[in-house]
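Before any comments, here is the structure.
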Amino acid sequence: MKPTLWRRLDTLARQLVPSVSIFLLMLIGVVPLHIPALHAVAPALPLIAVFYWTLYRPDLLPAVAVFAAGLLQDILFGLPLGVSACMLVLVHAAVTTQHRFFLGKSFGIIWLGFSLVAAGALTLAWLATSAYNATLIPADAIAFQALTTIGFYPILCWLLLRCQATLLRQV
Amino acid sequence: MPATFKSLLQWLAYTGLVVLAGGAMLLGKADALLVERLRLQVNDAVVPILSVLSKPVDAMAGGIESAQHLLRVAEENARLREERDRLLRWQVAAQRLEAENAALRQLLNFVPGPEATFRSARVVADPTGAFAHSLLVNAGSRNGIDKGHIVVTSDGLVGRIVGVSQRAARVLLITDLNSRVPVFVGAGRVRAVLAGDNGDRPKLIHVVQQGKISTGDVVVSSGVAGGFPSGLPVGVVADVGDGGITVQPLVDRTRLEYVRVADYGITSLLNDPPTVSRGGRAPLPDGEQDRVRADAR
């Protein structure tokens, strides 16, 4: 039987969940939250989401979508155009190539893997932004940002898991 | 061999995307104006969403703050009384100085600088992270805001408008890597340039008389070279050490909700070439850039 139009629209909407979640997390990073302590070291939430969806639903998050998300992040955050795009695409590549390694591993191992990927990605972004501006950007805040991002991983991971379990069960 | 073919294709795709990202960075360097225009177009589209999203967040933050105030109302009252007494003494001093100033100006036939016009705008985006120090406000060219306008609050200088679209404008904060503000420091009015470094505390560079600056000195914009008006409060010297002189800005970026965008009539100076291109190569302070341009004329 051919699925009805509504059914197809519904499926399409569900397939967009990973991309939309990355967009929403990006907006959270931009809206003024008035939390002084968190400001400079706020976790890079889109990075976590890209890692998560590439690992668990690679079919719903192609590299091109990640690239587009990165460009949008550069524009919204006022970063040099291309820095986040490059960073997120490399995260996607790292997870895709190591997919077999991550498969079936315990949460701790995956978290460790994420820590390495996140640290590498933020270091790369730091280098690229510094090169772009031709001066070294202070590294301490970015190191802290890497730590908060790694620390935030389990929480966001749980939320995305809930989201996946409810919205993407049949997709 | 379909499997190897597939992985080869995958690698090609990744390489292509990374090269494309690198190309975007180069384009940003080579044609800053084009990229800035693209940025502003996208900002224009997203600002209505951010505007809606930031309202409940602002309300929530306001609610938490007023709850905190309620808990400390007696303490706060005592502090305010004390402050009021102190300010009343200042008011008397200020009135006396104002009268004296007016008399002296009359004596010297002083020509006052241009009056500023102000517009209010709401901060709708304040990107987290240490990579960039800029804000988006929800007013743009249709509200009369233009590149080079100065952004202030009642506390002091926030930054300068570096890009405007129809309904949004980007503010380069004084803490950003690319920000340079010519300033006077302390009662001795030592000339220097306040240079951001993407940290919380910008540094003073090109200090004329290093020894005359000490912790606690007030930093105000000098108006030298015309990029900023003179006399705007900017910050307080926080530390004088071997690592340079750092300044604590008077404006707390994370508490910004509404800002005032001031037009001092100095935009024309800035508009000819793309002076404040993001990541523009020149590490020259604004003052120097303007001086170079003035010389060229």
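The values are calculated or read from the model by the stated rules, or taken from the named source; none is laboratory data. Note that the structure is predicted; figures quoted are calculated from it, not measured. Quick reminder, even Gly has a Cβ in these numbers, built from the backbone with ideal geometry, and neighbours come from all protein chains shown. Side chains are part of the model used for accessible areas, which takes the heavy atoms of the whole protein and leaves out ligands, DNA and RNA. Shrake-Rupley method; radii C 1.70, N 1.55, O 1.52, S 1.80 Å.
Comparing the full protein assembly with the isolated chain (1.4 Å probe, heavy atoms, ligands and nucleic acids excluded), the residues of region A:103-141 losing at least 30 square angstrom of accessible area are A:Y132, A:N133, A:I137, A:P138. Of A:I22, A:I35, the residue with the largest accessible area leads and the full order is A:I35, A:I22 (1.4 Å probe). Distance from a point 7 Å along Cα→Cβ of B:K55 to each backbone N in region A:1-33: keep the residues under 16 Å and list them by number. Label zone hits: A:32.
Seen from all directions on average, the protein assembly as shown presents a Cα convex hull projection of 29.3 nm². Around the Cα centre of chain B, unit charges on the Cβ atoms of Lys, Arg, Asp and Glu (plus for the first two, minus for the last two) sum to a dipole of about 440 debye. Once you sort the root eigenvalues of the Cα gyration tensor of region B:97-198 as a ≥ b ≥ c, which label holds: rounded (a/c under 1.5), prolate (a/b larger than b/c) or oblate (the other case)? In terms of gyration-tensor shape, oblate. Going through the DSSP H helices of chain A, which span 24 Å or more along their own axis at the Cα atoms while scoring at least 0.0 as a mean Kyte-Doolittle hydropathy? Sorted by number, the helices that extend far enough and score high enough are A:107-133, A:139-167.
In terms of its alpha-carbon gyration tensor, region B:31-112 comes out oblate; a/c meets the 1.5 threshold, while b/c is at least as large as a/b. Axis angle, to the nearest 10 degrees, between helix B:2-30 and the longest C-alpha principal axis of chain B: 30 degrees. Under a 5 Å amide H cut-off, with hydrogens placed 1.01 Å from N, B:D239 pairs with B:T246 among residues at least 5 apart or on other chains.
Protein heavy-atom surface of the protein assembly as shown, 1.4 angstrom probe: 64% of the accessible area is carbon and sulfur, with nucleic acids and ligands not counted. Contact residues in region A:10-49 by the 20 Å² criterion (accessible area, 1.4 Å probe, full protein complex versus chain alone): A:F23, A:L27, A:G29, A:V30, A:V31, A:P32, A:L33, A:H34, A:P36, A:H39, A:A40, A:A42.
Axis of helix B:286-296 versus longest Cα principal axis of chain B: the two differ by about 80°, to the nearest ten degrees.
For region B:1-35, heavy-atom accessible area (probe 1.4 Å) falls by no less than 10 Å² from the chain alone to the full protein assembly at B:Q10, B:W11, B:Y14, B:L17, B:V18, B:L20, B:A21, B:A24, B:M25, B:G28, B:K29, B:V35. The charge dipole of region B:54-97, taken about its Cα centre with unit charges on the Cβ atoms of Lys, Arg (+1), Asp and Glu (-1) only, comes to about 260 debye. Placing a pseudo-label 7 Å from each Cα along the Cα-to-Cβ vector at A:A37 and B:V73 gives an inter-label distance of 2.7 nm. Farthest towards the positive end of the charge dipole of region B:117-263, among the residues B:A121, B:V207, B:V220, is the Cα of B:A121, using unit charges on the Cβ of Lys, Arg, Asp and Glu.
Partner aspartates and glutamates whose Cα lies under 17 Å from the Cα of B:K55, excluding those fewer than 8 positions away in the same chain, are identified as B:E65, B:D126, B:E257.
Accessible surface buried by the A/B pair amounts to about 4200 Å², both sides summed, 1.4 Å probe. Eigen-decomposition of the gyration tensor built on the alpha-carbon atoms of region B:117-263 gives equivalent ellipsoid semi-axes of 27, 16, 12 angstrom, largest listed first. Each label point was placed 7 Å from the Cα along the Cα-to-Cβ direction; for A:A143 and A:F107 their separation is 2.9 nm. For B:K147, a cut-off of 24 angstrom between C-alpha atoms picks up these lysines, skipping any fewer than 8 places away in its own chain: B:K29.
With Cα atoms as the point set, region A:1-133 shows a radius of gyration and Dmax of 16.4, 58 Å.
Put a plus charge on the Cβ of each Lys and Arg, a minus charge on the Cβ of each Asp and Glu, and nothing anywhere else: the dipole of the protein assembly as shown about its Cα centre is then about 1200 debye. The mean accessible area for residues of the protein assembly as shown, using a 1.4 Å probe and ignoring ligands and nucleic acids, is 52 Å² per residue. Each of A:Q98, A:V117, B:S54 was scored by the projection of its Cα onto the charge dipole of the protein assembly as shown, and the greatest displacement toward the positive side belongs to A:Q98; charges sit on the C-beta of Lys, Arg, Asp and Glu. Between helix B:73-108 and chain B there is an angle of about 80 degrees, using the helix long axis and the longest principal axis of the Cα atoms.
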